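Shown next, in structure tokens, is the structure this report addresses.
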Amino acid sequence: MKAVIMAGGEGSRLRPLTCNRPKPMVPVLNRPMMAYIVELLKKHGITEVAVTLQYLPGTIRDYFGNGSEYGVNMRYFVEEVPLGTAGSVKNASAFLDDTFLVISGDALTDFDLGRAIGFHREKGALATLVLTRVETPLEYGVVITGPDGDIAQFLEKPSWGEVFSDTVNTGIYVLEPEVLEYVKEGRMFDFSKDLFPLLLREGRPLFGMVAEGYWCDIGNLQQYLQAHIDVLSGRVHLPFPGREIADGVYAGEGVEIDPSSVIRGPVFIGDNCKIGGQARIDSFSVLGNNCLIGGRATIKRSVLWNGVYVGPNAALRGAVLGSRVQIQSGAGVYEGAVIGSDSVIKENGVVKPDVKIWPHKMVEAGTTVKTSIVWGTRCPKKIFGLDGVTGLANVEMTPEFAARVAASFASVAGGSGHLAVSSDSYPASQMIRGAVSSGMQSVGAAVYDLGDGITPMHRFAVRTMDLDGGIHVKVSSRNIDLVTMVFTGRSGGNITRSAERKVENALMREDFKRADSSRVVPVEKVRGMAERYVAHLSLAVDGLALRGGGVSLVMAYDRTNLERFVVPVCADLGIRTANIDCREYGCGAGNWEAYREMLPRLSEAVVKSGATAGALLDPNGDCLVLVDERGRIIGDDMLTALSALILLKVRGGPVVVPVTAPEAIEKMAERYSGKVIRTKTAVQDFVERVLAVEGREAEGEGISQFLMHFDALGALLSIIGFARRRGLTLGQLADEVPVFYMDKKTVPVPWEAKGTVIRRIIEDHGGPEMELLDGVKVFHQNGWALVLPDPEEPVCRIFSEGASMEIAESLADFYIERINRIVGGQG
């Protein structure tokens with residue numbers, strides 16, 4: 001016997017799930033629903049199968065092929081124009097030479113098809129409709145049969161006033177080939193609307209058989225979720241993939257589940273999924289293959305397709321997520337919401353109940369979505385943040401994305417330029433480094449691989465090798481799961497904002513020229529760059545009183561990435577070191593704030609050992625915190641002021657500082673007849689101004705502001721060496737900085753409200769007491785406050801300085817309250 005699977009449906013009521021796939025290919029328990037229909041036919045001995053196609057026909061053909069994997073022989077018949085249900089089967093009439101069965105490819109059932117075929121033959125029917133009973137028949141064709149099963153009346157999709165039965169047509173038919181003679185070739189013709197009423201009027205043998213078992217027409221998103229609940233609860237008898245690893249918890253191959261996570265069945269977890277610590281997955285949830293669930297994430301009654309990422313502390317409640325969707329840290333998607341494939345909900349975003357988001361969309365961090373999103377793109381026009389391009393490793397920052405960005409950068413740099421690439425020693429960074437090299441090569445650039453190292457080493461190499469620029473890949477100092485690509489220009493400093501925009505434009509347009517095979521240059525491995533950088537550091541501070549000066553340091557740093565730089569330079573300069581192992585604190589490549597938690601112990605160790613000073617360095621040698629001989633912590637604003645003091649003592653200025661730096665620096669500049677240049681807080685702006693100044697000003701006593709601000713190890717040696725040369729301890733040098741009081745706070749502000757916040761503050765405080773260099777800085781009688789919108793998060797940062805700590809804190813609190821009123825619409 002033969003069968004026809006009707007698989008041409010668009011599934012418009014299942015959108016956005018069916019925006020890029022036909023409805024029969026929508027997965028149920030990680031397999032296309034049509035696969036269950038094919039297996040049902042094979043179970044009943046039906047192996048000759050015709051498939052009618054219309055919407056995205058190639059998707060089904062590519063997946064099922066000739067059917068041999070399922071033990072059947074498949075032939076495909078494509079409708080060039082919609083022909084209706086009967087018209088599509090008529091289109092396959094050359095294949096149908098005997099009694100045949102018609103079944104929909106987008107329903108879920110375990111009916112006994114053999115019983116229906118036997119009933120058809122017993123009654124001598126021309127057409128037999130397989131029927132079932134439902135609670136709400138409004139969406140189906142309602143049917144009344146006589147005692148022997150002959151159909152007496154039916155009505156397609158009645159209103160409640162027209163309902164005369166709870167018995168409905170399932171769309172499964174057993175037919176004789178001659179019924180197709182009633183269907184005109186190439187014309188729109190439907191079984192329930194046209195053919196069956198015609199057969200009924202002509203008194204032809206038309207029968208209906210009420211089948212026992214499960215049947216669900218997955219016609220909308222609610223039914224799609226319900227079908228999964230029915231499968232997991234055992235209401236439908238389908239082959240269940242995976243193995244039961246706990247009560248009601250089924251899992252595929254290669255699944256990794258943290259012991260601290262909580263999973264309550266029935267649940268299905270697809271192949272190669274990874275579930276993080278303290279995550280919770282509640283009953284009636286389905287995870288597709290290759291899903292990654294972050295720590296403390298919660299999932300309840302939700303269906304996830306393949307490759308979904310759910311970040312730490314994210315929440316899913318009764319939601320459906322398409323393939324490769326990203327739900328980032330702290331985001332929430334609620335009941336009835338559907339997220340189309342390849343969409344991204346960024347940190348702390350909220351998708352309200354019943355919202356539909358079409359594929360390839362992006363919801364920015366902190367945004368609440370209350371209405372469906374159909375238009376737009378997930379490709380942000382701006383990819384550069386505070387320190388380059390940052391993204392979740394292998395989620396946002398994938399090798400494919402990194403290669404495209406690197407190709408854009410190399411194209412902007414001239415295509416055939418000479419570019420460096422390096423990374424820290426962590427595997428995720430090394431993976432991206434390889435992709436960066438490939439991207440640069442693809443546009444014809446000559447690539448110099450510096451190997452594993454730190455950001456300052458990369459900057460040094462670009463300058464000394466006279467390269468056109470480069471990219472250093474590092475684990476972010478903010479989050480171990482983030483990877484950052486730092487872009488440098490010829491000077492070794494970060495590229496300018498103008499260059500960033502050119503890279504972004506090239507990436508958006510993808511109009512960079514690809515090199516032909518003859519112009520692809522092999523990557524040149526640069527040996528010994530770490531040793532050359534260490535020798536440079538030793539030479540740069542050689543004029544200071546370090547070598548053989550009895551200096552001892554207590555240091556805390558990530559040995560994995562920094563040991564090969566710290567140990568040799570200190571040994572060369574005769575500096576004695578004692579180390580506090582960061583790994584005891586679980587830091588490793590952790591965020592900078594986690595490192596700072598070691599400061600109390602570092603301070604205690606310095607005082608107890610009588611060391612010259614203490615130092616805390618981040619894994620990539622970018623950030624530094626000092627501890628003086630008395631155990632006082634010198635970091636952030638105090639370190640900026642101390643660096644400015646040294647530069648003013650050496651050369652009298654000019655000194656470049658960010659707009660957030662304390663006004664104590666201006667007081668010191670007056671003392672030394674120097675000049676202070678304030679700049680924006682972003683690294684690229686700061687670097688650009690520092691390099692502009694250092695290009696005009698000669699360095700004195702081996703002191704370079706570039707080294708002081710963009711090389712943590714170089715800054716440490718410069719500051720300690722300068723103090724020793726002047727016969728001062730670090731604490732005595734720090735005492736020369738005027739006392740200042742500063743406060744920093746953060747206030748949540750939605751992306752769409754940031755412009756309003758800044759405008760309202762300017763309107764309220766316009767005049768000479770205001771500065772707009774970066775954000776809005778308002779000067780008050782006893783201090784100032786700066787409101788600065790964050791470029792990467794939905795927050796504004798408040799910086800304040802006052803004549804006392806109480807004043808500084810009250811200024812910050814005043815602006816937080818003001819911003820909250822503006823955001824709340826009460827201002």
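Under the rule a/c < 1.5 gives rounded, and otherwise a/b versus b/c splits prolate from oblate, where does the chain land using the Cα gyration tensor?
Working: a/c = 2.84, a/b = 2.46, b/c = 1.16.
Prolate.
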**Complete:** Averaged per residue, the 1.4 Å probe accessible area of segment 1-128, protein heavy atoms only, in Å², is roughly 36 Å²
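In segment 499-532, what trypsin sites (Lys or Arg not before Pro) fall in a loop by DSSP, with at most 14 other Cβ atoms inside 10 Å?
Values: sites: Arg501, Lys502, Arg509, Lys513, Arg514, Arg519, Lys525, Arg527, Arg532; in loops: Lys513, Arg514, Arg527.
When the trypsin sites (Lys or Arg not before Pro) of segment 499-532 are filtered for loop state and at most 14 Cβ neighbours within 10 Å, Lys513, Arg514, Arg527 remain.
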**Message:** Can you work out the Karplus-derived ³J(HN,Hα) for every residue in segment 607-622? Use 6.51 cos²θ - 1.76 cosθ + 1.60 with θ = phi - 60°, whole Hz, and x for glycine or proline.
**Reply:** 5, 5, 8, x, 5, 4, 6, x, 8, 10, 10, 7, x, 9, x, 9
**Item:** Relative contact order of segment 281-398, pairs being alpha-carbon contacts under 8 Å that are 6 or more residues apart, as %
**Value:** 15 percent
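Do any GluC sites (Glu not before Pro) in segment 33-138 lie in a DSSP loop with no more than 10 other beta carbon atoms within 10 Å, and if so, which? Walk me through the numbers before you get to the answer.
Numbers: sites: Glu39, Glu48, Glu69, Glu79, Glu80, Glu122, Glu135; in loops: Glu79, Glu80, Glu135.
Of the GluC sites (Glu not before Pro), the ones in loops of segment 33-138 whose Cβ has at most 10 other Cβ atoms within 10 Å are Glu80, Glu135.
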**Request:** Divide by every residue of the chain the summed helix terms, -39500 (n - 2.57) for each DSSP H run of at least 4, and state the resulting mean residue ellipticity at 222 nm, rounded to the nearest 500 deg cm²/dmol.
**Result:** -9000 deg cm²/dmol
**Asked** Hey, which lysines would be in cross-link range of Lys675, C-alpha to C-alpha under 19 Å, not counting anything within fewer than 8 residues on its own chain?
**Response** Lys649, Lys667
**Asked** Around Ile281, which amide H atoms from residues at least 5 apart in sequence, or from another chain, sit under 5 Å from its own amide H, with H modelled in the peptide plane?
**Response** Val262, Ile263, Arg264, Ile299
**Request:** Starting from the amide H of Val676, placed 1.01 Å from N in the peptide plane, find each other amide H under 5 Å away whose residue is 5 or more places distant or on another chain.
**Result:** Val655
**Fill in**
Of all lysine pairs in segment 270-421 that are eight or more residues apart or on different chains, those with Cα atoms under 28 Å apart total 27
**Asked** Of Met188, Pro177, Phe154, which is farthest on the positive side of the dipole of the chain, counting Cα position, with +1 on Lys and Arg Cβ, -1 on Asp and Glu Cβ, and the Cα centre as origin?
**Response** Met188
**Item:** Charge-dipole axis of segment 457-573 as Lys and Arg at +1 and Asp and Glu at -1 on Cβ define it, positive-most pick from Tyr533, Gly550, Gly493
**Value:** Gly493
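What is the sum of charges around Tyr214, taking Lys and Arg as +1, Asp and Glu as -1, for the other residues whose C-beta is under 10 Å from the C-beta of Tyr214? Please list the in-between numbers first.
Numbers: positive: Arg235; negative: Asp110, Glu212, Asp230.
So the environment of Tyr214 carries a net charge of -2.
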**Asked** Based on Cβ point charges of +1 for Lys and Arg and -1 for Asp and Glu, what charge dipole magnitude is obtained for the chain about its Cα centre, in debye rounded to the nearest 20?
**Response** 1280 debye
**Request:** Output ³J(HN,Hα) for segment 654-667: one whole-Hz value per residue in order, computed from phi by the Karplus curve 6.51 cos²θ - 1.76 cosθ + 1.60 with θ = phi - 60°, and x for Gly and Pro.
**Result:** x, 10, 9, 9, x, 4, 8, 5, x, 6, 4, 5, 5, 5
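Can you compute the charge dipole magnitude of segment 493-540 about its Cα centre, using +1 on each Lys and Arg Cβ and -1 on each Asp and Glu Cβ, nothing else charged? Give it in debye, rounded to the nearest 20.
60 debye
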**Sequence-distant lysines (8 or more away, or on other chains) whose Cα lies within less than 20 Å of Lys43** = Lys2
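Of the beta bridges DSSP finds with both residues in the chain, what % are antiparallel, to the nearest 5?
Numbers: 66 of 155 bridges.
Antiparallel bridges: around 45 percent, rounded to the nearest 5.
Between Glu510 and Asn220, how high is the FRET efficiency from 1/(1 + (r/R0)^6) when r is the Cβ-Cβ distance and R₀ = 51 Å? Nearest 0.05. The partial results should precede the final answer.
Details: r = 37 Å, r/R0 = 0.73.
After rounding, the FRET efficiency stands at 0.85.
Where only protein heavy atoms count, and the probe is 1.4 Å, what is the accessible area per residue for segment 186-234 in Å²? Please list the in-between numbers first.
Values: 2110 Å² over 49 residues.
Result: 43 Å² per residue.
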**Item:** Carbon/sulfur fraction of accessible area - the chain, other protein chains in place, 1.4 Å, %
**Value:** 48 percent
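Let me check against my output: what whole-number percent is the relative contact order of segment 619-760, with C-alpha pairs under 8 Å and at least 6 apart? Mind dumping the intermediate values first?
Values: 156 pairs, mean separation 37.0, N = 142.
Result for segment 619-760 is 26 percent.
When Lys and Arg each count +1 and Asp and Glu each count -1, what net charge do the other residues less than 10 Å away from Gly171, Cβ to Cβ, add up to?
Numbers: positive: none; negative: Asp106, Asp217.
Here the count lands on -2.
First check a/c for segment 704-827, with a ≥ b ≥ c the square roots of the eigenvalues of its C-alpha gyration tensor; if it is under 1.5, answer rounded, and if not, answer prolate when a/b is larger than b/c or oblate otherwise. All intermediate terms of the calculation are to be shown ahead of the outcome.
Working: a/c = 2.89, a/b = 2.03, b/c = 1.43.
Verdict is prolate for segment 704-827.
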**Request:** Could you size up the charge dipole of segment 284-351 around its Cα centre, putting +1 on the beta carbon of Lys and Arg and -1 on that of Asp and Glu, and report it in debye to the nearest 20?
**Result:** 140 debye
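I'd like to check one number: the per residue accessible area of segment 285-443, probe 1.4 Å, reported in Å² as a whole number.
With all protein chains present, segment 285-443 gives 33 Å² per residue.
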**Request:** Please report how far the C-alpha centroid of segment 349-424 lies from that of segment 593-608, rounded to the nearest whole angstrom.
**Result:** 37 Å
**Item:** Estimated vicinal HN-Hα couplings, Hz - segment 311-328 in sequence order (Karplus 6.51, -1.76, 1.60; Gly, Pro = x)
**Value:** x, x, 6, 6, 9, 10, 9, x, 10, 10, 10, x, 5, 6, 6, 10, 10, 7
**segment 285-329 versus segment 15-82: alpha-carbon centroid distance in Å** = 27 Å
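Label segment 303-379 by shape, choosing from rounded, prolate and oblate, from the square roots a ≥ b ≥ c of the eigenvalues of the Cα gyration tensor; if a/c is under 1.5 it is rounded, and otherwise prolate applies when a/b is larger than b/c, oblate when it is not. Don't skip to the answer; put the middle values down first.
On the way: a/c = 1.12, a/b = 1.07, b/c = 1.05.
Here segment 303-379 falls in the rounded category.
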**Dipole of segment 35-139, positive end: most advanced residue of His44, Tyr76, Gly105 [Cβ charges, Cα centre]** = His44
**Request:** Could you pull out every residue, at least 5 positions away or on a different chain, whose amide H is within less than 5 Å of the one on Asn290? Hs are placed 1.01 Å off N in the peptide plane, and Pro or chain starts have none.
**Result:** Asp271, Asn272, Cys273, Gly307
**Complete:** Env charge @ Gly614, Cβ radius under 14 Å, K,R +1 / D,E -1, value +3
**Item:** Cα centroid separation, segment 614-637 to segment 98-112 (Å)
**Value:** 72 Å
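The values are calculated or read from the model by the stated rules, or taken from the named source; none is laboratory data. Because the structure is a prediction, the values reported are computed rather than measured. When we count neighbours, we look across all protein chains shown, and the Cβ atoms used for this are built from the backbone with ideal geometry, even at glycine. These accessible areas exclude ligands, DNA and RNA; they are computed on the full protein's heavy atoms, side chains included. Shrake-Rupley method; radii C 1.70, N 1.55, O 1.52, S 1.80 Å.
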